[in-house]
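Participant: Structure below; questions to follow.
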Amino acid sequence: MQELDVLRAPLWHAGAAVGAHHPRPVGLGDELDPQQTRETQRPQGGAGGLKRLVGLQVLLKGPDEREEDCGRVRGGSSHLHDTRNSRRLHTISVARGTIAGVDDLIFQLGELGFAASSVAALAGDASHRRFFRVVLKRGGTVVAALYPAGQEQQAARDHAVQAWGWDRKLPIPRPLALGGLLTVSEDLGDEDLDRAAPRLGAAVLAPALDVLAAFQRCEFGDLPTPPFDATFFRRELAVFEENALPSSVRGRPEIASFLDGLAGRLAAHPYRLVHRDFHFNNLILRDGRVLAVDFQDMRGGPDTYDLASLLRERGGAAFAADEPVWVERAAQRLGWAPGWDRRYLECGAQRGLKVVGTFLRLAVAGRPEYLAWLPNVRARLSRALEDLGAPPALRGAVTGPGPEGL
């Protein structure tokens, strides 16, 4: 049986996998035929890694289901078991468990109503999910995410978050199906803001701010994911301590005290709905507008958090000279309370510390491509920590080589 080969390319990018041109993505107005399952045959030679059958659901929605005002859901509920006539909900049986090869993946997609002619592996993110672009026999493409064995509950939670956001008209891909370890979504195409920036320059920041505004308008009280709290922020800062602090300074009380205080201050900021990983590689340009991917951890959080991620990480860090202008523009447009400049600095520091620790951990684990983003993050983080009065030992760890000489 053919082995799955995950390519090293940006998340949800398929240029390396399927070439510069690929079939049309399934769009917002397309309908999917559940009878497509008849076109896909079970792989030869037994189960092939497929395990017990379970009842699953496929959620199919038309574009008319979306509300204009975020925070308001037609009918008053965003529950996945909604039985309104305008939504077609199909209960089916599909296998779950280990997917051993492309044949098994195609079979499971067929059980979910997607007759696939081919699949192309896409790069993953920092999680253990695997992503695939699926070319459908009827034309068009969708994106499938495959979760590790035993993570059915995680897949279901992530799908519920996506359905919640879609019901509130957040600019995210349309959720199409959930089946055990497999989720299927609208394919947004290949051009993220990192690819678009060389062509458009700082103009890419305007539609990104539109996406941020859509998130910040949205009420998050009934979101399946809980809001940030001080414990959550402190746990993220521990990623830096574990992966970036030299052993000679690890455990120093002045560093722990500063990090404790930073986590507590962030938890006291005014809260909005935050994407939580709002950088150029997670913002996709399609038909003149930008949509967000990798949104499954969205939650209530500090108002300036996502903007700090956008302007201080990855491709957004290239526009450092324009940062003050865009921060002030965002503060005015989004109606941030006074003190936003200090809050932005604190969010930039917390987010930067987490990112440095995470990227070093991934590099040690065999993902060295993350090191390319470290210089810009470290430079901005060092200045933020200095402005916040961080201990010299902590600032030195930010600019140092990191563990294992990284």
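No lab work stands behind these numbers, since they all come straight from the coordinates. Just so you know, these numbers come straight off a predicted model, no measurement behind them. So basically every Cβ, Gly included, is an ideal-geometry build from the backbone, and we count neighbours across all protein chains shown.
Participant: Around Ala292, with a cut-off of 12 angstrom between Cβ atoms, what is the net charge of the other residues, counting Lys and Arg +1 and Asp and Glu -1?
Facilitator: Details: positive: Arg276, Arg286, Arg289; negative: Asp192, Asp210, Asp277, Asp294, Asp297, Asp306.
Here the charged neighbours net out to -3.
Participant: While we're here: Pop out the ³J(HN,Hα) list for the stretch 344-356 in order, Karplus 6.51 cos²θ - 1.76 cosθ + 1.60 with θ = phi - 60°, rounded to Hz; leave Gly and Pro as x.
Facilitator: 4, 5, 5, 5, x, 5, 5, 5, x, 4, 4, 5, 4
Participant: Let me ask another. Excluding Gly396 itself, what net charge comes from residues whose Cβ is under 13 Å from its Cβ, given Lys and Arg +1 and Asp and Glu -1?
Facilitator: Details: positive: Arg250, Arg252, Arg378, Arg395; negative: Glu254, Glu386.
Computed value for this residue: +2.
Participant: So for the pair Ala268, Ala213, with labels modelled 7 Å out along Cα→Cβ, what separation do we get in nm?
Facilitator: Inter-label distance under the simple model: 3.2 nm.
Participant: Turning to a different aspect of this structure: Put a dot 7 Å past each Cα toward the Cβ at Ala365 and Glu242; how far apart are the dots in nm?
Facilitator: Taking the simple label geometry, Glu242 and Ala365 are separated by 1.0 nm.
Participant: A follow-up question, please. Answer rounded, prolate or oblate for the stretch 151-219, using the Cα gyration tensor with square roots of eigenvalues a ≥ b ≥ c: rounded when a/c is under 1.5, else prolate when a/b is larger than b/c, else oblate.
Facilitator: Working: a/c = 3.13, a/b = 1.70, b/c = 1.84.
Oblate shape, in that a/c is at least 1.5 and b/c is the bigger or equal ratio.
Participant: For the stretch 193-405, what's the relative contact order in percent, using C-alpha pairs closer than 8 Å and at least 6 residues apart?
Facilitator: On the way: 284 pairs, mean separation 56.2, N = 213.
Once normalised by length, the contact order is 26 percent.
Participant: Could you please state, rounded to a whole Å, how far the C-alpha centre of the stretch 377-397 is from the C-alpha centre of the stretch 106-149?
Facilitator: Spelled out, the Cα-based centre of one part sits 42 Å from the other.
Participant: To make sure I understand, if each residue's beta carbon is the centre and we count other beta carbons within 10 Å, what order do Cys218, Cys347 fall in, fewest to most? Mind showing how you got there, number by number?
Facilitator: On the way: Cys218 20, Cys347 28.
With the fewest neighbours first, Cys218, Cys347 line up as Cys218, Cys347.
Participant: What's the extension gain from Ser117 to Gln332 if we count 0.36 nm per residue and subtract their Cα-Cα distance? Intermediate results must be reported in sequence, preceding the final value.
Facilitator: Details: separation 215, 0.36 × 215 = 77.40 nm, distance 4.89 nm.
Result: 72.5 nm gained on full extension.
Participant: Put a dot 7 Å past each Cα toward the Cβ at Gln154 and Ala320; how far apart are the dots in nm?
Facilitator: The answer from the label model is 3.5 nm.
Participant: Same structure again: Counting other beta carbons within 10 Å of each residue's own, what order do His269, His128, His159, His275 fall into, fewest first?
Facilitator: Working: His269 22, His128 11, His159 25, His275 28.
Ascending Cβ contact count within 10 Å gives the list His128, His269, His159, His275.
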